[in-house]
1. Can you pull out every residue in segment 31-49 that is under 16 Å from Phe128 (Cα atoms) and either modelled with pLDDT of 90 or more or surrounded by fewer than 17 Cβ atoms within 10 Å (Cβ to Cβ) (or both)?
2. For the structure I just gave you, tell me whether Ser219 is farther than 30 Å from Tyr50 by Cβ and outside the structural domain of Tyr50 (by TED's automatic domain parsing).
3. Restricting attention to segment 128-147, does a residue exist that is over 24 Å from the mean Cα position of the chain (by Cα), at pLDDT 90 or above and β-branched (Val, Ile, Thr)?
4. Residue by residue through segment 6-30, note down the ones that are within 18 Å of Ile112 (Cα to Cα), at pLDDT below 70, small (Gly, Ala, Ser) and in a loop (DSSP other than H, G, I, E, B).
5. Please go through (1) farther than 14 Å from Leu163 by Cβ; (2) under 36 Å from the mean Cα position of the chain (by Cα) for Ser186 and return the number of the only condition it doesn't satisfy.
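The values are calculated or read from the model by the stated rules, or taken from the named source; none is laboratory data. Everything numeric here is computed off the predicted structure, so don't read it as measured data. Note that each Cβ is placed from the backbone with ideal geometry, even for glycine, and that neighbours are counted across all protein chains shown.
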Amino acid sequence: MKETLYKLVTSQGGMGTLGLTDILLNLSVAGVLSVLIYISYRASHSGAVYSARFNVSLIMLTLVTTTVMCVIGNNIALSLGMVGALSIVRFRTAIKDPRDTSYIFWTVAVGICCGVSDYLVALVGSLFLFVFLILFGFVRDNERVLIIIRGTGKALRQTEPLLEQHFSRRARLRVHNMDHEDRAESIYELSSSLLESAQKRGGDLREQLFRVEGLDSVSIIRQEDEITQ
């Protein structure tokens with residue numbers, strides 16, 4: 001039994017000795033499918049969320065995974081050693097969009113399939129994911145908006161009924177700060193769609209707020225890093 005397990009672990013397997021033609025074919029198919037991933041990512045991301053460098057790194061990740069799989073093949077001992085070597089790697093790249101994680105898994109899956117020459121699974125899976133992400137990739141979050149109001153404590157108390165009327169009591173007061181000199185700051189949170197509909201229905205909110213005496217500034221901060229004052 002021990003000898004059987006030893007032979008199983010130390011055996012190279014058929015995939016550990018790929019020829020040059022097989023390696024080039026695996027990398028070529030992986031490169032073509034990675035371009036499909038590139039197009040899908042570019043089509044479903046826009047604005048500040050889109051990162052050209054991250055999109056290019058998806059192609060590189062697909063090719064790197066394919067290369068690693070060509071080396072590992074069916075060699076269990078080599079695969080265990082590769083897992084141990086990669087376990088020391090720590091990634092600190094911030095993910096801007098939750099969908100980026102799915103694209104990373106997509107590239108890894110394509111790389112694994114191409115590395116073991118299973119082109120049919122890689123092709124069918126990529127086409128299915130491509131259509132799925134193109135159809136649902138344009139789904140956007142209900143972006144949050146912060147309204148920051150600064151001024152005297154008396155002025156901020158007068159703005160509360162204005163905001164309640166303007167947003168039909170749907171704006172949430174998240175922060176309210178006040179110092180000993182009666183300088184205050186209030187931060188309200190609401191959805192981007194609520195802000196747009198309220199602006200169309202009730203006019204410019206900032207003009208109405210600045211009619212209150214003692215108000216210093218009104219800032220509207222959106223999730224997409226667009227700031228208006």
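1. Matches in segment 31-49: Val32, Leu33, Ser34, Val35, Leu36, Ile37, Tyr38, Ile39, Ala43.
2. no
3. Checked against the condition, which is being over 24 Å from the mean Cα position of the chain (by Cα), at pLDDT 90 or above and β-branched (Val, Ile, Thr), segment 128-147 yields no hits at all.
4. Gly13, Gly14
5. (1)
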